[in-house]
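*Asks:* Would you mind keeping the following structure in view while I ask a few things?
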Ligand code: NAD
Ligand code: ZN
């Protein structure tokens, strides 16, 4: 943990009643779930772009199902990390705190975050590929069929070439446009439309903070950037904020 959080940044955050954070695969990389674009960006030896698509599911549903089953088996062993925990704490300190996540691992909720908008779905749920009914994820090896309509079930996640869930996206745009402080954490800021959320916030007057060990297209626009891992920064922000707010 670091103590090098600038006071001006802390006061800016302390003075914000509505704060939005956007997280990406980086916050979960810390607990051993690899990012797609990092050096271990191959999942079970397969490029995600080749399997996490509607076309792959259409052409080879069982293969895609198996791949997700493997991911679920691995992810289920993983617990949340200090970054997830710090974000859950921020929610309890800040009057209105909304967490937008591109992660599908469900770790924010596991860490205690309540106000979470999942932009890319959640791997712990399945959805019918025909009628859309949503149920808890099955660990069966054979793809289950929908109890309503007989359609094939699929993981309730957003695949490459698919639109984001409309309601979640609208809420995310609304929250970003109306917040006073926006944190972009562990996201490459490349995947649209989520990547435009920090800029919407900034254009509407929010203070934009980025935490990412690597530079991103967002860095240029950020009011402050930490070139560090989120686990090294977020707990320090929470601790210092508590001191300022005396909570
Ligand atoms: P990404 O893989 O494109 O980028 C991850 C970012 O995290 C990179 O910019 C990297 O520099 C940064 N990073 C790595 N370690 C970090 C750390 N310790 N602290 C802070 N930042 C760190 O991921 P993305 O931008 O989130 O987009 C890829 C898509 O893949 C997402 O939309 C998501 O749905 C999906 N995905 C999800 C998971 C998950 O649920 N855990 C994992 C992999 C991919
Ligand atoms: Zn159905």
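*Asks:* Sort 118-126, 181-189, 210-218 by packing, meaning the average of other beta carbons within 10 Å per residue, with the highest value first.
*Replies:* 181-189, 118-126, 210-218
*Asks:* Per the Kirkwood formula on distinct C-alpha pairs, the Rh of segment 1-82 is how many angstrom?
*Replies:* Values: mean 1/r = 0.0630 Å⁻¹.
Here the Kirkwood hydrodynamic radius works out to 15.9 Å.
*Asks:* Let me ask you something else. Would you mind putting 143-150, 172-179, 237-244 in packing order, based on average other-beta-carbon counts within 10 Å, highest first? Working shown, then result.
*Replies:* On the way: 143-150: 13.9, 172-179: 19.8, 237-244: 16.0.
By packing density, highest mean first, the sequence is 172-179, 237-244, 143-150.
*Asks:* Per DSSP helix of 4 or more residues, -39500 (n - 2.57); summed, then divided by the residues of the chain. What does that give at 222 nm, rounded to the nearest 500?
*Replies:* Value at 222 nm, helices only, nearest 500: -10500 deg cm²/dmol.
*Asks:* Enter the Cα centre distance for the pair segment 118-164 and segment 1-63, rounded to the nearest angstrom.
*Replies:* Rounded to whole Å, the Cα centres lie 21 Å apart.
*Asks:* Another question, if that's okay. When only alpha-carbon atoms count, how far does segment 144-247 stretch along each of its three principal axes, as whole angstroms with the largest first?
*Replies:* Computed over segment 144-247, the largest-to-smallest principal extents equal 56, 29, 27 Å.
*Asks:* Please give the FRET efficiency for residue 203 paired with residue 62, using the beta carbon to beta carbon distance and R0 = 51 Å, rounded to the nearest 0.05.
*Replies:* 0.65
*Asks:* Using 1/(1 + (r/R0)^6) with R0 = 45 angstrom and r between the beta carbons of residue 70 and residue 8, what's the FRET efficiency to the nearest 0.05?
*Replies:* That gives a FRET efficiency of 0.45.
*Asks:* If you don't mind, there's one more thing I want to ask. Residue 138 to residue 177: FRET efficiency via 1/(1 + (r/R0)^6), r the Cβ-Cβ distance, R0 30 Å, to the nearest 0.05?
*Replies:* The calculated FRET efficiency here is 0.20.
*Asks:* Is the shape of segment 162-218 rounded, prolate or oblate, going by the alpha carbon gyration tensor and its root eigenvalues a ≥ b ≥ c, with a/c under 1.5 for rounded and a/b larger than b/c for prolate?
*Replies:* Oblate shape, in that a/c is at least 1.5 and b/c is the bigger or equal ratio.
*Asks:* Using a basic spin-label model with each label point 7 Å from the Cα along Cα→Cβ, how many nm lie between residue 247 and residue 148?
*Replies:* Here the modelled spin labels are 3.9 nm apart.
*Asks:* I need the Debye-formula profile for segment 18-176: one equal scatterer per C-alpha, no solvent, reported as log10 I(q)/I(0) at q = 0.13, 0.15, 0.16 1/Å, two decimals.
*Replies:* Values returned for q = 0.13, 0.15, 0.16 Å⁻¹ are -0.64, -0.84, -0.95.
*Asks:* Mind giving me the nanometre distance, one decimal, between the label points for residue 17 and residue 130, set 7 Å out from Cα along Cα→Cβ?
*Replies:* 5.1
*Asks:* Tell me the relative contact order for segment 94-203 as a rounded percent, counting alpha carbon contacts under 8 Å between residues six or more apart. Before the final figure, lay out the partial values.
*Replies:* Working: 149 pairs, mean separation 22.8, N = 110.
Relative contact order for segment 94-203 comes out at 21 percent.
*Asks:* What's the ranking of 83-95, 42-54 by average number of surrounding C-beta atoms within 10 Å, highest first?
*Replies:* The packing order, highest mean first, is 83-95, 42-54.
All of the numbers you see were taken from the coordinates with simple rules; none came from a lab. All figures in this text were calculated on a predicted structure; none of them were measured in a lab. FYI the Cβ positions are ideal-geometry reconstructions off the backbone, even for glycines, and counts take in every protein chain you see.
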